[in-house]
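Asker: I am attaching a structure below and will ask some questions about it afterwards.
The values are calculated or read from the model by the stated rules, or taken from the named source; none is laboratory data. Keep in mind the model is a prediction, meaning the values are calculated, not measured. Positions of Cβ are generated from backbone atoms using ideal geometry, with glycine treated the same way; all protein chains shown enter the neighbour counts. When the accessible area is computed, the model is the full protein with side chains, heavy atoms only, and any ligands, DNA or RNA have been set aside. Shrake-Rupley method; radii C 1.70, N 1.55, O 1.52, S 1.80 Å.
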Amino acid sequence: MTGIVALYIFMLAAFTGYEVIARVPVILHTPLMSGSNFVHGIVLVGAMVALGAASTPLEKAIGFIGVLLAAGNAVGGYAVTERMLEMFKSSGAKGGKGGGAKGTH
Amino acid sequence: MDLQFSADALIQASYLVTAFLFIMGLKRMSSPVTARSGILWAGAGMLVATLATFFYPGMSNYPLIIAAVVIGSAVAWISGRRVAMTNIPQMIALYNGMGGGAAAAIAAVELYRGGQQSTAGAALAVVGGIIGAVSFSGSLIAFGKLQGLIRRSLRFGGQQLLNLLILAGALLLGALVVSGVNATPAVVSGLFAMALLLGLSMTLPIGGADMPVVISLYNALTGLAVAFEGFVLGNAAMIIAGTVVGSAGTLLTQLMAKAMNRSLGNVLFSGFGDTGGAAAGSAVTGSLKPIEAADAGVMMAFAQKVIVVPGYGMAVAQAQHKVWELCQLLIDRGVTVRFAIHPVAGRMPGHMNVLLAEAGVPYDLIADLDEINAEFETADVALIIGANDVVNPVARNDKSSPIYGMPILNADKAKNVIVIKRGQGAGFSGIENALFYLDNTRMLYGDGQAAAAALIGAVKSV
């Protein structure tokens, strides 16, 4: 990938990120922040490549910590985002008034 | 050779699929109707990219990689599933910090290896590493503050000058590394030590009330760090995902700061609550008038319309289920009940909606500030439970108050105001609340859950 192509990707992705959430309602701020937190968990693939190329003990140690942290970012981010959005579904279903409290979470 | 080429093409193709799934996922997450499926799309994208990366050409250390992935995933999954909904904001801070730390670790491995082909690559590794390390240590402080592990905000004169010096130091060491003058492991280590220190010293002075904005900012910064390390590794999935999060996160940060009526610079560079507290306190006159739960229950049972204003204190007391039970009783008696949510109710915008959803409150009873503010004048009772600053009228009329200008819920316009409060202390920001001293306000002292239970008993016995 040449530098200029990378810059094009960078620019287009920046606009995409802005446009995708430009009109998000306040009620979704927390889940969306959590969701975007999950998305940068993609750092996991980079950490895996870095550890895969590490040779000295120092590089391996730092690479190991990197993969550990990145996996935590991705999996933890997914777990909490999914839990939050799951609850939004049950309340958005707008069942009968009496049945509203039947969620068991 | 041929085989390796096709493996590489397959990995690139899978990264393309991942980028598509991420963007679609985020798009779906920005609407309540499709939000649930959004995280599934994004999750599928992550799975595709991770599996494909195992086939990356020329990789070694597979046992280490697998061990780190398994351990990191298991710990995060268990903590993520178990954490209480009230503690979600600090968990986001923690996971975000981990992402920043991972980006910094990639930069560290690359710089220790000294394998950069170009100056630009080394520069991006350094800048991404600094941003990632700042996000890592800063997010950990944010986590500590929200979790209650760090209670005091460390402030002293010349703090910003010190931060600037640390940043300059980090950049200087970075310049040494990039220019090739001195790229020894000692200098690289010093660079990261400086960056970690900067995250600490930047975040420690910021008060707990501002933490959501700070977490959101660090979320955007981690995205940017991931994008930069993506450039270094030539990894398109990281560039796209990191940049999308970087720009979306910046926008979210601005929206949050706006909801709190603060500018981002104000949040980052001014101590909140340590100058205006005394001035605001002196403006409050009148007395606090207590009420018994039985009387409050009667007042609500015979009301036409009750607006509940929940705050983080309600969630801390785990009172949301009891409050909803109380509201159901009132609804059965024909009382109109609404929930009024301030943009920063809870620990971050939208957090209170999550907590009420957890208790089973239907969506259509919950209104945000713009929708509900005109309705307070027609409400017989405004029930304030665990909320404080967001209903403080000094934000409207006392220019000396640090929260002056912040949009508030006009609970003081209701005919009667009942405030459920544990004791007589000030709110999260330490500002005295003028609402509590108004003639139409009554204080119901007690733990949120116990008070709600007492109100339920009172309404039932009417």
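Asker: How much solvent-accessible surface does B:Asp380 expose, in Å² to the nearest 10, with a 1.4 Å probe and all protein chains in place?
Answerer: 30
Asker: Let me ask something additional. Please report, in Å, the Rg and the Dmax of chain B, where both are computed over Cα atoms only.
Answerer: 25.6, 84
Asker: Rg and Dmax of segment A:11-76 over Cα atoms: what are they, in angstrom?
Answerer: Rg and Dmax of segment A:11-76, Cα atoms, are 15.8, 49 Å.
Asker: Which pairs, out of B:Lys27/B:Lys145; B:Lys305/B:Lys413; B:Lys305/B:Lys399; B:Lys305/B:Lys421; B:Lys322/B:Lys421; B:Lys258/B:Lys399, put more than 24 Å between their alpha-carbon atoms? Walk me through the intermediate numbers first.
Answerer: Values: B:Lys27/B:Lys145 31 Å; B:Lys305/B:Lys413 13 Å; B:Lys305/B:Lys399 32 Å; B:Lys305/B:Lys421 22 Å; B:Lys322/B:Lys421 15 Å; B:Lys258/B:Lys399 18 Å.
Over 24 Å Cα-Cα: B:Lys27/B:Lys145; B:Lys305/B:Lys399.
Asker: Taking all protein chains in place and a 1.4 Å probe, what share, in percent, of the accessible surface of the protein assembly as shown do carbon and sulfur account for? List each step's numbers first, then the result.
Answerer: Values: 14060 of 21910 Å².
Percent of accessible area from carbon and sulfur atoms in the protein assembly as shown: 64.
Asker: Other chains' Cβ within 10 Å of B:57-63 residues: what's the mean? Display every interim value, and only then the final one.
Answerer: Working: counts 1, 3, 5, 6, 12, 3, 0.
Counting Cβ atoms of other protein chains within 10 Å of each residue's Cβ and averaging gives 4.
Asker: Under the rule of at least 5 residues apart or a separate chain, name every residue whose amide H is placed under 5 Å from the amide H of B:Ser31.
Answerer: It is none; the list stays empty.
Asker: Right, another one. What does the net charge come to around B:Ala301 if you take all other residues with beta carbon closer than 10 Å to its beta carbon, with K and R at +1 and D and E at -1?
Answerer: Values: positive: B:Arg333, B:Lys460; negative: none.
Net local charge, B:Ala301 excluded: +2.
Asker: While we're here: Tell me the angle of helix B:35-53 to the major Cα principal axis of chain B, expressed in degrees between 0 and 90 and rounded to the nearest ten.
Answerer: Its long axis makes an angle of about 20 degrees.
Asker: Then there's this: Please determine, in degrees from 0 to 90 and to the nearest 10, the orientation of helix B:88-113 with respect to the longest principal axis defined by the Cα atoms of chain B, where the helix direction is its Cα long axis.
Answerer: For B:88-113 against chain B, the angle is about 10 degrees.
Asker: Also: Can you tell me how segment B:1-118 classifies by the Cα gyration tensor, rounded, prolate or oblate, using a/c under 1.5 as the rounded cut?
Answerer: Numbers: a/c = 2.04, a/b = 1.36, b/c = 1.50.
Oblate, because a/c is 1.5 or more while a/b does not exceed b/c.
Asker: Quick one: give the max-minus-min coordinate of the C-alpha atoms of segment B:368-459 along each principal axis, largest first, in Å.
Answerer: In descending order, the Cα extents are 41, 30, 25 Å.
Asker: To continue, here is another question. Tell me the Rg and the Dmax, in Å, that the Cα atoms of segment B:50-143 produce.
Answerer: 15.8, 47
Asker: I've got another one for you. Collect residues whose amide H, placed 1.01 Å from N in the peptide plane, falls under 5 Å from the amide H of B:Thr336; neighbours closer than 5 in sequence don't count.
Answerer: Amide H neighbours of B:Thr336: B:Lys305, B:Val306.
Asker: Oh, and also: Where Lys and Arg each count +1 and Asp and Glu each count -1, what net charge lies around B:Phe436 among other residues with Cβ under 14 Å from its Cβ?
Answerer: Every neighbour counted, the sum reads 0.
Asker: Next question. Compute the helix-to-body angle for B:320-332: its Cα long axis versus the longest principal axis of chain B, expressed 0 to 90° and rounded to tens.
Answerer: With both axes taken from Cα atoms, the answer is about 40 degrees.
Asker: Sort B:57-63, B:104-110 by the packing proxy (mean of other Cβ within 10 Å over each peptide's residues), most packed first.
Answerer: Working: B:57-63: 12.6, B:104-110: 31.0.
Final packing ranking: B:104-110, B:57-63.
Asker: Looking at the P(r) of segment B:150-190, how many percent of alpha-carbon pairs lie beyond 14 Å?
Answerer: Working: 480 of 820 pairs.
Every Cα pair in segment B:150-190 considered, those over 14 Å come to 59 percent.
Asker: Just to be sure I understand the curve: with the Debye formula and one point per C-alpha of segment B:127-202, what is log10 I(q)/I(0) at q = 0.21, 0.25, 0.27 Å⁻¹?
Answerer: Summing over Cα pairs of segment B:127-202 leads to -0.90, -1.10, -1.19.
Asker: Report B:Ser263's accessible area, 1.4 Å probe, all protein chains in place, as a number in Å² to the nearest 10.
Answerer: That residue has around 70 Å² of solvent-accessible surface.
Asker: Keeping all protein chains in place, calculate the accessible area per residue for segment B:69-158 (probe 1.4 angstrom), answer in Å². Each step should come with its number before you reach the end.
Answerer: Details: 3420 Å² over 90 residues.
Accessible area per residue: 38 Å².
Asker: Using helices alone, what [θ] at 222 nm do you get for the protein assembly as shown, with -39,500 (n - 2.57) per DSSP H run of 4 or more residues, divided over all residues and rounded to the nearest 500? Could you put the intermediate results ahead of the total?
Answerer: Values: 22 runs with 354 residues, N = 567.
Rounded to the nearest 500, the figure is -20500 deg cm²/dmol.
Asker: What accessible area, summed over both chains, is buried at the B-A interface (1.4 Å probe, Å², nearest 100)? Show your work: numbers first, answer last.
Answerer: Values: alone 21830 and 8440 Å², together 21910 Å².
Approximately 8400 Å² gets buried when B meets A.
Asker: How large is log10 of I(q)/I(0) for segment B:31-98 at q = 0.20, 0.21, 0.23 Å⁻¹ when the intensity is taken from the Debye formula with one equal scatterer per alpha-carbon?
Answerer: These q points yield log10 I(q)/I(0) values of -1.07, -1.12, -1.19.
Asker: Placing +1 on the Cβ of each Lys and Arg and -1 on the Cβ of each Asp and Glu in chain B, which of B:Leu162, B:Pro57, B:Leu356 has its Cα farthest towards the positive end of the resulting dipole?
Answerer: B:Leu162
Asker: Summing +1 for each Lys or Arg and -1 for each Asp or Glu, what net charge is found among the other residues whose Cβ lies under 13 Å from the Cβ of B:Leu409?
Answerer: Numbers: positive: B:Arg338, B:Arg396, B:Lys413; negative: B:Asp368, B:Asp370, B:Glu371, B:Glu375, B:Glu377, B:Asp389, B:Asp412.
Counting the neighbours of B:Leu409, the net charge comes to -4.
Asker: Still on this structure: Remind me, what semi-axes does segment B:291-438 give for its equivalent ellipsoid, largest first in whole Å, using sqrt of 5 times each Cα gyration tensor eigenvalue?
Answerer: Values: eigenvalues 100, 58, 44 Å².
Working through the eigenvalues yields semi-axes of 22, 17, 15 Å.
Asker: Against the empirical 2.2 N^0.38 Å scaling, what ratio does the C-alpha Rg of segment B:1-66 come to?
Answerer: Details: Rg = 14.9 Å, N = 66, 2.2 N^0.38 = 10.8 Å.
Here the Cα radius of gyration is 1.37 times the empirical estimate.
Asker: Here is a further query. On average over all directions, what projected area in square nanometres does the protein assembly as shown have, based on the convex hull of its Cα atoms?
Answerer: Details: hull surface 101.3 nm².
Approximately 25.3 nm², given one-decimal rounding.
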